[in-house]
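Participant: Got a structure for you, questions after.
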Amino acid sequence: MRCDPRTILPRQLAPILIRTTLGDPWLRWVRTDDSALRDLVHRPEDRMRFADASPSAMANVVITTLRAHGIVRDDLPEPEQRYAIQALLIGFSTVMADPKSVDSSDVDDQEAVLGNAVHLLLEPPTDPDDTVIAQAAETVRARFGEIRDGLLALITTGAAGTR
């Protein structure tokens, strides 16, 4: 987002999120909401940090920010948009993690299909001004940074606090 603010557009961001999650063992672990990982988190404030990093929470941050900046459609209630995008992302990530689960032999680029589906679901017919996109990207980047910092603090000090 720092190099190219346009990656905040849902049609670009969705494939990046899935590719990143599927390619990183730690993120796959967080995505599955693994009970062993949850058991490492004892204090309520640490559980909140862990919850903030869930895919659902991250999607909520993005949708809320993009709606505030006029980057996604506002003709559906926000909770319905958040639900729809989460369901779509979970479906695509499940299929992309297990390519044999559906017949994709005629599909050359699954990420492009995902990007098009997200574009149709969330985005208005015309892109907003680049300044607006840059502002939204910075807001999301800052919030993701806060979430990352919270997880890093949990990893580095959380374990010490449970001994």
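The values are calculated or read from the model by the stated rules, or taken from the named source; none is laboratory data. Fair warning: this is a prediction, and the values are worked out from it, not measured in the lab. Glycine also receives a Cβ, built like all others from the backbone with ideal geometry; neighbour counts cover every protein chain displayed.
Participant: Just one of Arg67, Arg47 is under 19 Å from Leu13 (Cα atoms), part of a helix (DSSP H, G or I), without any contact (Cβ under 8 Å) to a residue 40 or more places away in the chain and of a type in the set (Lys, Arg); which is it?
Facilitator: Arg67
Participant: While we're on this one: How many of the residues making up region 1-59 are over 19 Å from Ile85 (Cα atoms), under 15 Å from the mean Cα position of the chain (by Cα) and modelled with pLDDT of 75 or more?
Facilitator: Qualifying residue count for the region: 0.
Participant: Can you tell me how many residues within region 61-85 are surrounded by fewer than 17 Cβ atoms within 10 Å (Cβ to Cβ), closer than 12 Å to Leu121 by Cα and not acidic (Asp, Glu)?
Facilitator: Matching residues across region 61-85 total 4.
Participant: Name every residue in region 70-111 that is hydrophobic (A, V, I, L, M, F, W, C) and free of Cβ contacts under 8 Å to residues at least 24 places away in the same chain, in order of residue number.
Facilitator: Once the filter is applied, which keeps residues that are hydrophobic (A, V, I, L, M, F, W, C) and free of Cβ contacts under 8 Å to residues at least 24 places away in the same chain, region 70-111 yields Leu76, Ala87, Val95, Val102, Val107.
Participant: Which residues, counting only those in region 92-107, are in a helix (DSSP H, G or I), of a type outside the set (A, V, I, L, M) and exposed (fewer than 14 other Cβ atoms within 10 Å of the Cβ)?
Facilitator: Thr94, Pro99, Lys100, Ser101
Participant: Shifting gears a bit: Test each condition in (1) exposed (fewer than 11 other Cβ atoms within 10 Å of the Cβ); (2) part of a loop (DSSP other than H, G, I, E, B); (3) of a type in the set (Val, Ile, Thr) for Thr131 and report the one that comes out false.
Facilitator: Going through the list (1) exposed (fewer than 11 other Cβ atoms within 10 Å of the Cβ); (2) part of a loop (DSSP other than H, G, I, E, B); (3) of a type in the set (Val, Ile, Thr), Thr131 breaks only (2).
Participant: To continue, here is another question. Scanning region 112-145 for residues that are touching a helix residue (DSSP H, G or I) at 6+ places or on another chain (Cβ under 8 Å) and acidic (Asp, Glu), which turns out farthest from Ala59 (Cα to Cα)?
Facilitator: Asp130
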